[in-house]
1. Only one of these is of a type in the set (Val, Ile, Thr), in contact with a Gly (Cβ under 7 Å, 6 or more places away or on another chain) and surrounded by 16 or more Cβ atoms within 10 Å (Cβ to Cβ): 335, 312, 307. Name it.
2. Check off (1) at pLDDT below 95; (2) over 19 Å from the mean Cα position of the chain (by Cα) for residue 35 and give me the number that stays unchecked.
3. Cβ-Cβ distance below 6 Å, separation of 6 or more or different chains: which pairs start in the range 125-136 with a residue that is assigned by TED's automatic domain parsing to the domain that holds residue 113 and end on one that is polar (S, T, N, Q) and buried (at least 24 other Cβ atoms within 10 Å of the Cβ)?
4. Return the pairs, sorted by first residue and then second, in which the second residue is surrounded by 16 or more Cβ atoms within 10 Å (Cβ to Cβ) and among the basic types (Lys, Arg), the first residue lies in the range 207-226 and is in contact (Cβ under 8 Å) with a residue 40 or more places away in the chain, the beta carbons are less than 9 Å apart, and the residues are 6+ apart or on different chains.
5. Can you name the residue in the range 202-225 that is outside any loop (DSSP other than H, G, I, E, B) and buried (at least 16 other Cβ atoms within 10 Å of the Cβ) and, of all such residues, is farthest from the chain's Cα centre (by Cα)?
6. Any residue in the range 383-400 that is part of a helix (DSSP H, G or I), out of contact with any Pro (no Cβ under 7 Å at 6 or more places or on another chain), among the acidic types (Asp, Glu) and buried (at least 19 other Cβ atoms within 10 Å of the Cβ)?
7. Any idea which residue in the range 108-117 is modelled with the lowest pLDDT, counting only those that are among the small types (Gly, Ala, Ser) and under 11 Å from residue 152 (Cα atoms)?
Amino acid sequence: MNVLPLTTNVSRLNGEIQVPGDKSISHRSIMLGSIAEGKTTVSNFLSGADCLSTISCFSKMGIVIDREKDFVTIHGKGAYGLQEPEQLLDVGNSGTTIRLMMGILAGQSFYSVLAGDESIARRPMVRTVLPLREMGAVIDGRMEGKRTPLSIRGGQLKPITYELPVASAQVKSCVLLAGLYSTGTTTVIEKEKTRDHTERMLAKFGVNVKVNGLNVSVDGGQKLKATHIDVPGDISSAAFFLVAGAIVKDSEVRLKNVGMNPTRSGIIDVLKEMGADIEIHPYSGNVEEEPVADLIIRNSTLRGTEIKGSLIPRLIDEIPIIALLATQAEGKTIISDAKELKVKETDRILTVVEELSKLGANIEATEDGMIVHGKTMLTGGTVNSHGDHRIGMMLSIASLICNSNVDLEDSEAINVSYPNFFEHLQSLM
């Protein structure tokens, strides 16, 4: 296992970076570009391991995808242009790839098998399997389709109205994509508003998407028309540097071209509530459909807060780094209503608590979240990403304020979403 000595006891951070393209949007650009008619181009594509898994899967289904650094060209073949894959479709570590792609594969007349790494093998798939079976797809797999590998034989689907049992943009997107292959109108009813990148991008490809409060509908039989996607910077990646700038003394960090989709910007609300010194400079630029801004964060005195309810879906991926932020805030921070953390790349409730505790944090797990008691001086030790990219990056930021050596095991997990993370971090020192 790779063990990386991390930089500790940093005096200040200063400078400007542009975080990589949004992972969620990059995934969707490949998927929708593949089933669109014509040539779709994508700029600022995230060339992390997860998104490359999506490219690999669609390449195996006969889609020609050219990539030069962060510029991608997808030669789409239309809704029914995919070919039956000769090989297993390997999604690697990417839950977005497998769950969204299931919706597209459910509408195809051919047979396919999907699997991924050990993390994917542990993650629940029944949440997407059940609505797709209800629409008419034939799906089987380990534990009666609850776990991978999964086999899918799709075809003509019937429309459904589906009430999400959990707040999940992946499940919502899966059902909406399957709805494109149905004979009528498919509607998804959400409990809480989740990220809406699929709805926005479908509209960009010419699909009529109807949004009425928490109800989202699409009609089957619509054609997707090729377009250009300019991917904004990933706010989930920016979150690590926002927290770094807030907790490292005498720091000022500027982040350029960050996506500010309101369904994803909960981290900004939390920073403001905790008293962070943050400036937002919104601009339209040339990024269509997704709001974008430059962000400036400075070190400041922080206070504890409570994070729960409808805020959770807007920052679910940022909770590990928010937990670190809370260790440096005066008072108690309570995070609840976040059971979804248990079925991420790791059980992020237990993993965050275990790893931050190794560094001296006063933090405890609860059934649906965690309680962080601040302000705490962090020490040092050997920590482990557990193969989870967000845990690895969170621990790397934590090391900046530790007063003794920190070694990170399994640091390569960070390549999933941020291949040049350490390069960007070093540039600020």
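The values are calculated or read from the model by the stated rules, or taken from the named source; none is laboratory data. Given the structure is predicted, the values throughout are model-derived calculations rather than measurements. FYI the Cβ positions are ideal-geometry reconstructions off the backbone, even for glycines, and counts take in every protein chain you see.
1. Step by step, each of 335, 312, 307 is checked, and only 335 is of a type in the set (Val, Ile, Thr), in contact with a Gly (Cβ under 7 Å, 6 or more places away or on another chain) and surrounded by 16 or more Cβ atoms within 10 Å (Cβ to Cβ).
2. Here residue 35 meets the rest and fails (1).
3. Going by the 6 Å Cβ cut-off, there are no qualifying pairs.
4. Hits for this filter: 216/172.
5. Step by step, filter the range 202-225, then rank; the result is 219.
6. As a first pass, look at the range 383-400 and keep what is part of a helix (DSSP H, G or I): 389-399.
Remaining after also requiring out of contact with any Pro (no Cβ under 7 Å at 6 or more places or on another chain): 389, 392-393, 395-399.
Imposing the further condition that a residue be among the acidic types (Asp, Glu) reduces the set to none.
Looking for residues that are part of a helix (DSSP H, G or I), out of contact with any Pro (no Cβ under 7 Å at 6 or more places or on another chain), among the acidic types (Asp, Glu) and buried (at least 19 other Cβ atoms within 10 Å of the Cβ), one finds none in the range 383-400, hence no.
7. Taking the range 108-117 and keeping what is among the small types (Gly, Ala, Ser), we get 109, 112, 115-116.
Next, only the ones that are under 11 Å from residue 152 (Cα atoms) stay: 109, 112.
Numbers: 109: 94, 112: 97.
This residue is 109.
One line per residue, one yes/no per condition, for (1) at pLDDT 95 or above; (2) over 24 Å from residue 261 (Cβ atoms):
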residue	(1), (2)
12	yes, yes
39	yes, yes
52	yes, no
61	yes, yes
69	no, yes
